[in-house]
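One structure is given below, encoded as structure tokens.
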Amino acid sequence: MGNLNAEQKLYLSFLIAGCIVVLLLAFYLFYKNYLVKKKLKFFAGYILYRYSNLNDYLLLNDYKIHIDEKHIGEIDHILITNKFIVVINDFSISGVLTGRYNDEQIKLTNNKETKLIANPLNYNRNLTKRLALFNDLDNSFLKGITVINDDSLVEIDEMLEQFKICRKKDLKKVIRQFEKEDVKPFKEDTVVNFINILNENNLSGNKK
């Protein structure tokens, strides 16, 4: 820049600054969904961490199980409460969700635009059943929660009692609703057995 005059140097500085801004904006837009998903997972995990400590529950994060010989399923959180093993997966979804609980696809409306997306309830339900089968657990012991962003609305018809979809801010409320069900709490040795089985088969190596 030694041979440039002051006006040219100023123009070049603005040009460089503009390029940097454009690159940062492009980076943000490209990774926006990734960052939003990570944010949801972090805060859902933090809510569950505090809630599990308060109620003396066990929490496992980033749990991985075999789906078949070629595929591995990832469960964001597993919470062992007094009565249930709760399988929790986070989905970065913003908008109005409409459909039926067992539809292959449901409608997502955001900013007056409607599109079909894979039903996240099915993903969670399939992983929960696989977890029960692979670990030889009674399926009636398990519950499932699909967590979405707080700026969403859920209008899913006829949701099953075993599987729920909720906003992050309603996560603790749904868990408390599960715990109000008229079933006998786990015995201490049963919980210890669950912990040993789940830790033994956790492919992620996260045995917290």
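The values are calculated or read from the model by the stated rules, or taken from the named source; none is laboratory data. These numbers were taken from a predicted model, which means no experiment stands behind them. Glycine gets a Cβ as well: all are built from the backbone with ideal geometry, and neighbour counts include every protein chain shown.
Annotations
- Qualifying residue in the range 143-158 (condition: modelled with pLDDT of 90 or more, of a type in the set (Ser, Thr, Tyr), surrounded by fewer than 18 Cβ atoms within 10 Å (Cβ to Cβ) and part of a strand (DSSP E or B)): no
- Residue that is modelled with the lowest pLDDT, among those in the range 36-57 that are under 20 Å from ILE148 (Cα atoms) and surrounded by fewer than 13 Cβ atoms within 10 Å (Cβ to Cβ): PHE42
- Residues of the range 159-202 satisfying the condition of being part of a loop (DSSP other than H, G, I, E, B) and of a type in the set (S, T, N, Q): GLN162, ASN201, ASN202
- Residue match in the range 58-81 (condition: of a type in the set (Phe, Trp, Tyr), over 24 Å from ASN199 (Cβ atoms) and either modelled with pLDDT under 90 or not in a loop (DSSP other than H, G, I, E, B) (or both)): no
- ARG130 being at pLDDT 85 or above, surrounded by fewer than 17 Cβ atoms within 10 Å (Cβ to Cβ) and farther than 20 Å from LEU40 by Cβ: no
- Comparison of LEU171, LEU142 shows that the only residue that is touching a Leu at 6+ places or on another chain (Cβ under 8 Å) and closer than 12 Å to PHE84 by Cα is LEU142.
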